[in-house]
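Asker: Have a look at this one before I ask anything.
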Amino acid sequence: MSDELLPIELLPILIVPDAKLRQKCRAVGPGDADMVRALAPRMLATMYKAPGIGLAAPQVGQLLRMAVVDIQKEDQREPLVLVNPEIVAESADTFTREEGCLSLPGQYADVTRPARVKLRYLDLEGTKREIEADGLLSTCIQHELDHLDGVLFVDHLSALKRNMLLRKLAKDMKLRQREAM
Ligand code: NI
């Protein structure tokens, strides 16, 4: 019997205003290797199921500098596991794109960020990697890295817009709870 055949247990995704979403995460160390290797496939499965294109460890309650990303379609999966990711360079020109977040279900807003970034990270084997990202991947990486510092996409909006969005989320979640009863 291969345990690859067992379904991967999905993780519950924390929703704003959960305090864990506002913490600065600590770096993954050598002692975390087993934990991170176990966590990565569960985070990917949880992200695909949601569905989403990025998920950061604090969104599943783990305050570690780790995220998973996949901007490809279901039949062309290209999972990226980012351990201790760091943006080492970013373009001066910016790009505005509509963002959402699995921790703010149903809420979307335009966010302006650097158009391109250079990212340094460790993969699951602990190998140092560097990639340059533009387009959707660049946006997604920057969004996920923000999570590792307790920053949400709504923090890039004006206070007025942010509060409107957070109030709408609170209302939506209350409605959902009522429907679930
Ligand atoms: Ni997010």
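Asker: Just the residues that are free of Cβ contacts under 8 Å to residues at least 12 places away in the same chain, hydroxyl-bearing (S, T, Y) and in contact with a Lys or Arg (Cβ under 8 Å, 6 or more places away or on another chain), please, taken from region 119-178.
Answerer: Those that are free of Cβ contacts under 8 Å to residues at least 12 places away in the same chain, hydroxyl-bearing (S, T, Y) and in contact with a Lys or Arg (Cβ under 8 Å, 6 or more places away or on another chain): none in region 119-178.
Asker: Got at least one residue in region 121-143 being crowded, with 21+ Cβ neighbours inside 10 Å, modelled with pLDDT of 95 or more and under 18 Å from R37 (Cβ atoms)?
Answerer: Among the residues of region 121-143, at least one is crowded, with 21+ Cβ neighbours inside 10 Å, modelled with pLDDT of 95 or more and under 18 Å from R37 (Cβ atoms), which makes the answer yes.
Asker: Same structure, new question: For region 120-176, give me the residue count where each residue is under 18 Å from V68 (Cβ atoms), in contact with an Asp or Glu (Cβ under 8 Å, 6 or more places away or on another chain) and of a type in the set (D, E, K, R).
Answerer: The qualifying residues number 3.
Asker: Next question. When you scan region 153-166, do you find a residue that is closer than 27 Å to R37 by Cα, under 16 Å from the mean Cα position of the chain (by Cα) and either within 16 Å of the ligand (Cβ to nearest atom) or surrounded by fewer than 17 Cβ atoms within 10 Å (Cβ to Cβ) (or both), even just one? Can you show your working first?
Answerer: Kept after step one, since they are closer than 27 Å to R37 by Cα, are these residues of region 153-166: none.
There is no residue in region 153-166 that is closer than 27 Å to R37 by Cα, under 16 Å from the mean Cα position of the chain (by Cα) and either within 16 Å of the ligand (Cβ to nearest atom) or surrounded by fewer than 17 Cβ atoms within 10 Å (Cβ to Cβ) (or both).
Asker: Hey, another quick one. Could you check region 48-105 and list, in sequence order, the residues that are out of contact with any helix residue (DSSP H, G or I) (no Cβ under 9 Å at 6 or more places or on another chain) and hydrophobic (A, V, I, L, M, F, W, C)? Explain how you work it out, then say what you get.
Answerer: At the first step, the residues of region 48-105 found to be out of contact with any helix residue (DSSP H, G or I) (no Cβ under 9 Å at 6 or more places or on another chain) are 49-50, 72-73, 75-76, 78, 84, 88-89, 92-94, 96, 98.
Selection gives A50, V88, A89, A92.
Asker: Can you work out which of the residues in region 35-66 that are among the charged types (D, E, K, R) and over 13 Å from V83 (Cα atoms) is farthest from the ligand (Cβ to nearest atom)?
Answerer: Residue satisfying both the conditions and the ranking: R42.
Asker: Of the residues that make up region 105-125, is at least one under 12 Å from the mean Cα position of the chain (by Cα) and within 16 Å of the ligand (Cβ to nearest atom)?
Answerer: No: region 105-125 contains no residue that is under 12 Å from the mean Cα position of the chain (by Cα) and within 16 Å of the ligand (Cβ to nearest atom).
Asker: Now, a different point. Among the listed residues A67, A56, A33, which satisfies the condition of being among the small types (G, A, S) and modelled with pLDDT under 95? If you could, list the steps in order and put the result at the bottom.
Answerer: Values: A67 fails: modelled with pLDDT under 95; A56 fails: modelled with pLDDT under 95.
Testing whether each residue is among the small types (G, A, S) and modelled with pLDDT under 95 leaves just A33.
Asker: Right, here's the next one. Conditions first: (1) crowded, with 18+ Cβ neighbours inside 10 Å; (2) under 25 Å from R129 (Cα atoms); (3) out of contact with any Leu (no Cβ under 6 Å at 6 or more places or on another chain). A67 passes all but one, so which condition is the exception?
Answerer: (3)
The values are calculated or read from the model by the stated rules, or taken from the named source; none is laboratory data. Given the structure is predicted, the values throughout are model-derived calculations rather than measurements. A quick note on method: Cβ atoms are made from the backbone with ideal geometry, for glycine too, and the neighbour counts reach across all protein chains shown.
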